[in-house]
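Below is one structure, written out as structure tokens; the observations come after it.
The values are calculated or read from the model by the stated rules, or taken from the named source; none is laboratory data. What you see is a predicted model; the values in this text were computed from it and never measured. All Cβ positions, glycine included, derive from the backbone under ideal geometry; neighbour counts span all protein chains shown. With ligands, DNA and RNA removed, areas are computed over all heavy atoms of the protein, side chains included. Shrake-Rupley method; radii C 1.70, N 1.55, O 1.52, S 1.80 Å.
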Amino acid sequence: MQQFLQEHAPGLHPPSALNSEQLYAWLARHCTDPTLGLRLGQCYRVTDYGPVSLAMLCAQDLGQAVQVVAAHLLEFNSHIASMDIASRAGETLVEVRFRADVVQSATVHRFHANVMASATLRLVVDLVGPRRCLRSLVLPLQPHHPAMEAYFEVPVAFQG
């Protein structure tokens, strides 16, 4: 996290001696640039999840891999309340809901959602290769930012 801050957010100066979870929470409260969450999400890799990584890598398809993630989600991110997975018309739909304390602050909510979306895309790329698998993305209400569609390379809707 410290290296990430030095490279991508040298203007942010969090208090010293924060552990990684505290530093992440500090960033969520103080980061106003939506692209910073995207860049942080890019840092995550499938191999970061220990033994769960093996289960994801052994999944028969992406839907099964996402079910592994959902089963262990609270270990990955305590800010998430639930994750629903559904198949519709040959596509896998993933809906992530954050805890009530996260959605109370629009800045914190946007940061978590942007990190989660970017990290999920990174995870999918790690599992199925570099081709883009997303068809569309819905993020919490936030100002339109052209970097979002450029990053995800799909239409991005900004809703609830």
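Quick look at the numbers
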| quantity | calculated |
| --- | --- |
| Rounded to 10°, Cα long-axis angle of helix 106-128 versus longest principal axis of the chain | 40 |
| Cα-projected label distance for Q60 with S136, points at 7 Å along beta-carbon direction, nm | 2.9 |
| Relative contact order %, segment 31-111, counting alpha carbon pairs below 8 Å whose residues are six or more apart | 23 |
| Backbone N within segment 93-131 under 15 Å of label point (7 Å from A86 Cα along the Cβ vector) | 93-97 |
| Cα gyration tensor shape of segment 69-110, rounded if a/c is under 1.5, else prolate or oblate by comparing a/b with b/c | oblate |
| Rounded, prolate or oblate (a/c below 1.5 giving rounded, otherwise prolate when a/b exceeds b/c) for segment 43-92 by Cα gyration tensor | oblate |
| Computed helical MRE - 222 nm, the chain, DSSP H runs ≥ 4 contributing -39500 (n - 2.57), nearest 500 | -14500 deg cm²/dmol |
| 1.4 Å probe accessible area per residue over the chain, in Å² | 57 |
| 0 to 90° range, to nearest 10: angle between helix 20-30 axis and the chain longest Cα axis | 70 |
| Relative contact order of the chain, defined on C-alpha pairs under 8 angstrom at six or more residues apart (%) | 23 |
| Accessible carbon and sulfur surface of segment 1-136 relative to its total accessible area, %, 1.4 Å | 51 |
| C-alpha long axis of helix 62-71 to longest principal axis of the chain, angle in ° | 50 |
